[in-house]
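Engineer: Before anything else, here's the structure in question.
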Amino acid sequence: MLVRIARHGESEGNFAGSLQGSRFDTPLSARGSRQAEYLAIRLAGEAIDAVWASPLIRARETAAIVAAPLGLGVSLDADLVEFDWGVWSGRPYDGAIEKEVSGVRARWRAGETELSPAGGESPARTAVRADRFLARLHASGARATLIVAHGRFNRILMTRLLRRELGRMDEIRQRNGSLSAFEWDGSAPATPLLLDDVSHLPPSIRTVSVLSDSVK
């Protein structure tokens, strides 16, 4: 199975420099819509037989733009929603919150992936969602799929596909409108073919954000 994974285009929350997570649901910005359109152009000639997306509006809008030229509908799956940042959700990513988030991320890298932000979700719990979705994806019989989801969730999903330690999730960058691809047989570690590729996006519409690449 060829599994393509895209991060949604820039949202209004991304543009504002907010830490969104699953609770802060904003639509695509004007630039984010253009990013999705360029992603659609890139994938228009590809053999894709199913498109899955997070039900959050920024992912749904991106998926709809990409799926239209393919003549496909979009299957929404609640397990694809973004990581829940708890009390940090919706907050501007300023120096104070950056220090707090960086401290938690350091502990994740050290293997404490059961740790969650206050009121939020742990990477280990998100990985359970990712595994559930991958089981459904494998059972679907699709041969070439596109998944449109979110920065932190995609990192965790890819870590599960690659059978890596969860603490390594920040090794995979995820920019708005990026495309990654894997060959996966449903059991062995997936083979990465493409990671966080934004070559289809003109430099003028790529997102430059105050958020670090590991948080977005």
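Engineer: Within the stretch 22-42, can one find any residue that is of a type in the set (A, V, I, L, M), out of contact with any helix residue (DSSP H, G or I) (no Cβ under 7 Å at 6 or more places or on another chain), closer than 15 Å to Leu146 by Cα and surrounded by 19 or more Cβ atoms within 10 Å (Cβ to Cβ)?
Structural biologist: no
Engineer: Can we say Asp79 is in contact with a helix residue (DSSP H, G or I) (Cβ under 7 Å, 6 or more places away or on another chain), touching a residue at least 12 places away in the same chain (Cβ under 8 Å) and of a type in the set (Asp, Glu)?
Structural biologist: Yes, satisfied.
Engineer: Would you mind stating whether Leu115 is surrounded by 12 or more Cβ atoms within 10 Å (Cβ to Cβ) and either closer than 15 Å to Ala50 by Cβ or touching a strand residue (DSSP E or B) at 6+ places or on another chain (Cβ under 6 Å) (or both)?
Structural biologist: no
Engineer: Follow-up question, since we're still on this one. Looking at this structure, is Leu115 assigned to a loop (DSSP other than H, G, I, E, B), over 30 Å from Arg34 (Cβ atoms) and among the hydrophobic types (A, V, I, L, M, F, W, C)?
Structural biologist: In short, yes.
Engineer: Mind checking whether some residue in the stretch 187-206 is in a strand (DSSP E or B), surrounded by 18 or more Cβ atoms within 10 Å (Cβ to Cβ) and of a type in the set (Gly, Ala, Ser)?
Structural biologist: no
Engineer: Go through the stretch 85-111 residue by residue and tally those that are in a loop (DSSP other than H, G, I, E, B) and in contact (Cβ under 8 Å) with a residue 24 or more places away in the chain.
Structural biologist: 7
Computed from the coordinates by the stated procedures, all read-outs in this text should not be read as laboratory data. Model, not experiment: these values are computed from the prediction. For neighbour counting, all protein chains shown are included, and Cβ atoms are generated from backbone atoms with ideal geometry for every residue, glycine included.
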